[in-house]
1. Give me the net charge of residue 81's neighbourhood, meaning all other residues with Cβ under 14 Å from the Cβ of residue 81; Lys, Arg count +1, Asp, Glu -1.
2. Treating only the Cβ of Lys, Arg, Asp and Glu as charged (+1, +1, -1, -1), what charge dipole size does the chain show about its Cα centre? Round to the nearest 20 debye.
3. Solvent-accessible area per residue for the chain at a 1.4 Å probe radius, Å²?
4. Just how large is the dipole of the range 96-212 about the Cα centre, in debye to the nearest 20, putting +1 at every Lys and Arg Cβ and -1 at every Asp and Glu Cβ?
5. So for the chain: antiparallel DSSP bridges make up what percent, rounded to the nearest 5?
6. Can you give the accessible area of residue 80 in Å² (nearest 10), computed on protein heavy atoms with a 1.4 Å probe?
7. In terms of solvent-accessible area of protein heavy atoms at a 1.4 angstrom probe, what is the ranking of 5, 91, highest value first?
8. Give me the Å³ per residue figure for the convex hull around the C-alpha atoms of the chain.
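The values are calculated or read from the model by the stated rules, or taken from the named source; none is laboratory data. The structure presented is a predicted model; accordingly, all values stated were derived computationally and were not measured. Because the Cβ atoms are built from the backbone with ideal geometry, glycine has one as well, and the counts that use them run over all protein chains shown. Quick note on the areas: whole protein, heavy atoms, side chains included, nothing else; ligands and nucleic acids left out. Shrake-Rupley method; radii C 1.70, N 1.55, O 1.52, S 1.80 Å.
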Amino acid sequence: MQVTFLGTGTSQGVPVIGCDCPVCRSLDFRDKRLRVSMHVEVDGRSLVIDTGPDFRTQALRERIMHLDAVVFTHAHKDHTAGLDDVRPFNFRQNSDIPLYGQASVLEQIKVEFAYAFAENKYPGTPRLQLHPVENKPFEILGLQLTPIEVMHHKLPVFGYRIGDFSYITDANFIAEPELEKLRNSKVLVINALHKGPRHLSHFVLPEALEIIEKLQPHVAYLTHISHSMGLHAQVEAELPPHVHLAYDGLKIIL
Ligand SMILES: [Zn+2]
Ligand SMILES: [Zn+2]
Ligand SMILES: [Zn+2]
């Protein structure tokens, strides 16, 4: 299995439009963060988790040639806005793209991309199939995914575990039974917005580190990062040895 961080930034991305803080002005490529998404490849199968507004740029950068499915964590715009750009995969593969997510998330996608679900579709609109999933394991082309229900303020969001890889974004609370599902992950990805203060809907760094400490993955990566986290190189140097800030383009082979 190979996983690639397509984006690691919070909803506005980094740099932030109009900001001239040191992080937004940094020349370090790791301080350029597109909106969060992961590409997961397992035995020739190719999935993305979320299609944010930067999906097209990310798919081009990582030369994604084939897409079997999109799996959604939740319907916030920074996770869905790029969905129209699955069209080249519709054309190349001459097939619909199946979308997986909570029923409420897929309902929201039907509202926001209504033209793709219209009776009389304009030629060339995205071809999408909806596959609602509940909080229990399901398969995509024989690959098992286990949803992890986390809370994002008052919104239930799905993280996913695929084998030894667990991916949590946009959480600020994980109930004990859901935390259990993350145990013994080799690679745990979890969101951390900035160092503090506490945030209404996202874990901040001390909270993410506490969960990592509890779950003891071999290695953990932080994502959904704001410019207020600080410079990548500086923050990375302060983290425990098995915890890293993710960066765009980072690939992990498991
Ligand atoms: Zn988000
Ligand atoms: Zn900034
Ligand atoms: Zn969100």
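1. Summing Lys/Arg as +1 and Asp/Glu as -1 gives -3.
2. Working: 25 positive and 30 negative charges, 79 e Å.
So the dipole magnitude of the chain works out to roughly 380 debye.
3. Per residue, the chain has 45 Å² of solvent-accessible surface.
4. The dipole of the range 96-212 has a size of about 200 debye.
5. Working: 28 of 51 bridges.
For the chain, the DSSP antiparallel bridge percentage is about 55.
6. Its accessible surface works out to 0 Å², give or take rounding.
7. On the way: 5 0, 91 130 Å².
From most exposed to least exposed: 91, 5.
8. 125 Å³
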